[in-house]
Each structure stands twice: as structure tokens, then as C-alpha cells.
Amino acid sequence: MSNASLPHTPPAAAAKPAVRRETWWTIRKKAMKAHKHSYILMAPYMLLFGLFTILPVVMSILIGFTYFNMLEFPRFIGWQNYTRLFLEDDVFLIAIKNTLLFAAITGPLSYLASFVFAWIINDLRPKMRAFMTLIFYAPSISGNVFFIWLIIFSGDRYGIANGFLINLGMMLEPIQWLKTEKYILPIIILVQLWLSLGTGFLAFIAGLQTVDRTLYEAGAVDGVNNRWQELWYITLPSMKPQLMFGAVIQLTASFAVADVSIALAGFPSVNYAAETIVTHLIDFGTIRFEMGFASAIATVLFMLMVGTNLIVQRLLRKVGE
């Protein structure tokens, strides 16, 4: 049989070189090498952040599973602190109720108030805007601001609230505002709202100043014809970082209420009417020195803050859609 009659077999294809897949570490290594100057500049901050923020949080979570009285070496006891916290500590349940009430009222209201006042002040002339910003921001940085409210809600007839109501004939005897259980919590919420125009308020002022004015002209061409549409479709989407920062600040402040409660209602307050998670933490951490139990309280507070902030961030991503 001739070679011509044999079936034609193509030559073997040249072997292709094996493609080497890069690992995650190889990709990260290249990225770090490309941005090494940025990592060098960030290193001091990251070191301090890890040392004074991340490490204490991790240590607090671990100590929450131990019995630790600051004198003996921590002894692992598992979930006993958390069992005691939720099943045996009635004051903690009062503290959770009060804290959630504070957060549900002062968090959203202070956030909205900070933005609304910033939005109104932003339209003023520069000098007037700076003056009004100082006026609204001043209470949050005043040192002895609680003294004013102690005078207003003093329990004798010389207190401003008592004197005003007696002169109007609405009551005959003065009320012990800060010693009566039903009045304590509303008063503290009122004072906390008055103090809430702080860092978040300044962030909103700064954010409003950075909005590109040409966007409003483009919006007018596209059919945006009133201030509310400008606010929703232009202003808010343009300052999402400031909105996110303000939300974190306001929510953290609303969950961490302690100074107002201690200064006005005492420590402890009447029937624990003004007890919060932070005051409960202060009680066990700095007075009783039950550091394991205090760490469990701090961990619960941390989880509440993180969960709430994640929910708020998800809601803020929908702004302007």
C-alpha cells in the first residue's frame, strides 16, 4: 500500500506553556510593592489604630469569657458572664431598654436636626454662616453645660421650670424633676438632643460647601425645579461620605449616653430610671472592678453599635435612587 493512501495525520501541536495562576498573596505582594510609599505613610496611623483600638476590642471580647477582678489572673468561665447578664441582672435589662429608647429617639432626631440646621445655615452669607455655626456648635463643647439644666430643673421653687409653672398657676408645689422617676428620662433625652449638634453638624456644613454648584444648573435643565428635588437628587447624593460619617457619629453618641445621665440624675439614678449600658459598664468596671463582667457588657454594646451602623449604612446607600 502506498503512502498516499494512508490517512493524513497532522503534526502534533506545539505544546503550549502552562499558564501560571497568581495566588492571592502574589497579587497582594505586587499591589503592596506598587504602593509601598502609601503603606509607609499609613504605617504610623495603622500601628496606633491597631494598638489602641483593635487590640482593646479583641482583649475585651476575650476577657468577657473570664472572671477577672484585677487582682487575680483571669479565669476562664465560658458564657457565665452573658448568662448572668441576661438572665440574672435586672438592672442591665433596664439599661438596655433605656439605651435603645435613647438611640431610637435621639439618634434619628439629632441626625435630622444636624442636617436641617446645616442646610439652612449653608445659604447664609459667609460671616453670618460662621457665627451661626459657632452658636449651634457651642453647647457640644461647653465644659459645665449641665449646670444650666440643673438650675432649670431644680427641685425648689427657685428653679426656672418650677417658678415658671407656679407663676402661671399650673401647680402649687414645686416638682422634684430629677428625683421623680417619670420625669428623669424625658429630661435627659431633651438635654441630649440639645447637645447633639456636634461633629456631625460640622461634617454636614463641610459637605454642603463641597457640592458642585454646576450640578444644580444641570439639574434645572433636566427638570429639577424646586428645592426638595434639588435636595434629594443632587445635594444628598453629592455628600454621601459626610452623611455616612454623621450617621456613625450620631448613633455612637446616642448609644454611649452616660455623662448626661450621671450629671443630672445622679449615679445611680432613682430606681435606675436613667441607667444606660455605659453607666452599667462604669459601675462594674470602675467601682466593683469585675472586669470580666464589664467586658461582657462592653461586648454587647459593641455588637449593638455595629449592627445598627450596618443597617443605617445600607439605608443611606439608597439615597438619591
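FYI, it's all coordinate maths here, none of it is from the lab. Since we're looking at a predicted model, the values are computed, not measured. Virtual Cβ from ideal backbone geometry, glycine too; neighbours counted across all protein chains shown.
Rounded to the nearest Hz, the phi-derived 3J(HN,Hα) couplings of the range 282-287 under the Karplus curve 6.51 cos²θ - 1.76 cosθ + 1.60 (θ = phi - 60°) are 4, 4, 7, x, 10, 10, where x marks glycine and proline.
Rounded to the nearest 20 debye, the dipole size of the chain about its Cα centre is 1540 debye, using +1 on the Cβ of Lys and Arg and -1 on the Cβ of Asp and Glu. Let's test the formula: R0 of 22 Å, r as the Cβ-Cβ distance of GLU72 and LEU93. What FRET efficiency results, to the nearest 0.05? For R0 = 22 Å, the calculated efficiency reads 0.15. The residue list LEU251, ASN226, ALA263 was ranked by how far each Cα lies along the charge dipole of the range 207-321 toward its positive end, using unit charges on Cβ atoms, and ASN226 comes out on top. Sequence-ordered 3J(HN,Hα) estimates for the range 168-178 from the Karplus curve with 6.51, -1.76 and 1.60 and θ = phi - 60° stand at 7, x, 7, 7, 9, 10, x, 9, 7, 4, 8 Hz, glycine and proline given as x.
Modelled label-to-label distance, ILE135 and ASP259, 7 Å Cα→beta-carbon offset: nm? With each label point 7 Å from Cα toward Cβ, the separation is 2.4 nm.
A cut-off of 5 Å between modelled amide H atoms, ignoring neighbours fewer than 5 places along the same chain, links THR66 with ILE77.
Taking 0.36 nm per residue of separation and subtracting the current Cα-Cα distance, fully stretching the chain between PHE289 and THR180 would add 36.3 nm. Toward the positive end of the charge dipole of the range 17-88, with +1 on the Cβ of Lys and Arg and -1 on the Cβ of Asp and Glu, the farthest Cα among SER60, TRP79, ILE27 is that of ILE27. The charge dipole of the range 120-263, taken about its Cα centre with unit charges on the Cβ of Lys, Arg, Asp and Glu (plus for the first two, minus for the last two), comes to roughly 200 debye.
Taking every DSSP helix (H) stretch of at least 4 residues in the chain, weighting each as -39,500 (n - 2.57) and dividing the sum by the residue count yields a mean residue ellipticity at 222 nm of -19500 deg cm²/dmol. In terms of its C-alpha gyration tensor, the chain has an oblate overall shape, because the principal axis ratio a/c (a ≥ b ≥ c, square roots of the eigenvalues) is not below 1.5 and a/b does not outweigh b/c.
Couplings for the range 258-267, taken from phi via the Karplus curve 6.51 cos²θ - 1.76 cosθ + 1.60 with θ = phi - 60°, read 8, 4, 4, 4, 5, 5, 8, 9, x, 9 Hz in order; Gly and Pro are left as x. Per residue, the convex hull spanned by the Cα atoms of the range 144-261 amounts to 154 cubic angstrom. Any idea what the relative contact order of the chain is, in percent, if you count C-alpha pairs under 8 Å spaced at least 6 apart? Across the chain, relative contact order equals 26 percent. The label point for ALA31 and the one for ARG317, both projected 7 Å from the Cα toward the Cβ, are 1.8 nm apart. A straight Cα-to-Cα reach below 14 Å connects LYS30 with the aspartates and glutamates GLU22, residues fewer than 8 places away in its own chain not being considered.
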